[in-house]
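Report on one structure; see the data block that follows.
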Amino acid sequence: MNKGKPQTEEVIRVPLPKRRENEMFAIVERVVGGSRMNVICGDGRSRLARIPGGRKRGMGRIRRNDLLIISPWDIQDEKADVKYHYRKNQARFLSRKKKLPDQIDIFS
C-alpha cells in the first residue's frame with residue numbers, strides 16, 4: 001500500500017487497440033463460418049474478418065454481438081484480421097469506462 005502517494009490514475013488491465021498499428025474495436029454482425037465473420041468496425045464500416053491460423057484455438061467461440069479488436073488489411077480495406085476477443089464482462093467494463101466508440105457500444 002502506498003500511504004504517501006494518492007491514487008491519481010486508474011489502471012486498466014484489459015487490452016486496448018493500438019492505434020499506431022491500425023487496430024480498432026469491432027462488433028460481430030454475423031458469423032459466416034470457417035473462422036470468418038462480418039463485423040461492424042469502430043469507424044462505421046462493415047468488413048469481413050477472419051481469425052488467422054495460430055489464433056483459432058485461443059480465441060474460443062465467437063458469437064454474434066461479441067466485441068473484438070481487428071486490424072484492417074493494407075491492400076484490401078474491406079477485409080480484416082481478428083487480434084483479440086473480449087469476454088462479456090470485459091466488454092461491459094470498457095462500455096462503463098466510455099472506451100468504446102458510440103457506433104458499436106451495445107453493452108450499456
What pairs can you find where one residue is in region 78-98 and under 15 Å from R63 (Cα atoms) and among the hydroxyl-bearing types (S, T, Y), the other is surrounded by 18 or more Cβ atoms within 10 Å (Cβ to Cβ) and at pLDDT 90 or above, and their Cβ atoms are less than 6 Å apart, with a gap of 6+ or different chains?
Y84/I69; Y86/L67
Check on L68, part of a loop (DSSP other than H, G, I, E, B) and crowded, with 19+ Cβ neighbours inside 10 Å:
no
What tally of residues in region 19-44 results from selecting those that are farther than 20 Å from L94 by Cβ and in a loop (DSSP other than H, G, I, E, B)?
4
Pairing a residue in region 56-73 that is in contact (Cβ under 8 Å) with a residue 24 or more places away in the chain with any residue that is open to solvent by less than 10 Å² (accessible area, probe 1.4 Å) and part of a loop (DSSP other than H, G, I, E, B), where Cβ atoms lie under 9 Å and the two sit 6 or more apart in sequence or on different chains, gives D66/Y86; L67/Y86; L68/Y86; I69/Y86
Of the residues in region 70-87, those that are among the β-branched types (V, I, T) and farther than 14 Å from I40 by Cβ number 1
Assess whether I62 counts as being part of a loop (DSSP other than H, G, I, E, B), open to solvent by less than 50 Å² (accessible area, probe 1.4 Å), of a type in the set (V, I, T) and under 14 Å from V28 (Cβ atoms).
yes
Residue check for D81: farther than 23 Å from I12 by Cα and modelled with pLDDT of 90 or more
yes
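Considering only residues of region 82-108 that are open to solvent by less than 30 Å² (accessible area, probe 1.4 Å) and not in a loop (DSSP other than H, G, I, E, B), which is nearest to I27 (Cα to Cα)?
Top of the filtered list is I104.
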Return the pair list, or none, for Cβ contacts closer than 8 Å from residues in region 19-32 that are among the basic types (K, R) to residues that are open to solvent by 80 Å² or more (accessible area, probe 1.4 Å), at least 6 apart or on different chains.
R30/R64
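The values are calculated or read from the model by the stated rules, or taken from the named source; none is laboratory data. These numbers come from a predicted model, not from an experiment. With ideal geometry, Cβ positions are generated from the backbone for all residues, glycine too; neighbour counts draw on all protein chains shown. What goes into the accessible areas is simple: the full protein's heavy atoms, side chains included, and nothing from ligands, DNA or RNA. Shrake-Rupley method; radii C 1.70, N 1.55, O 1.52, S 1.80 Å.
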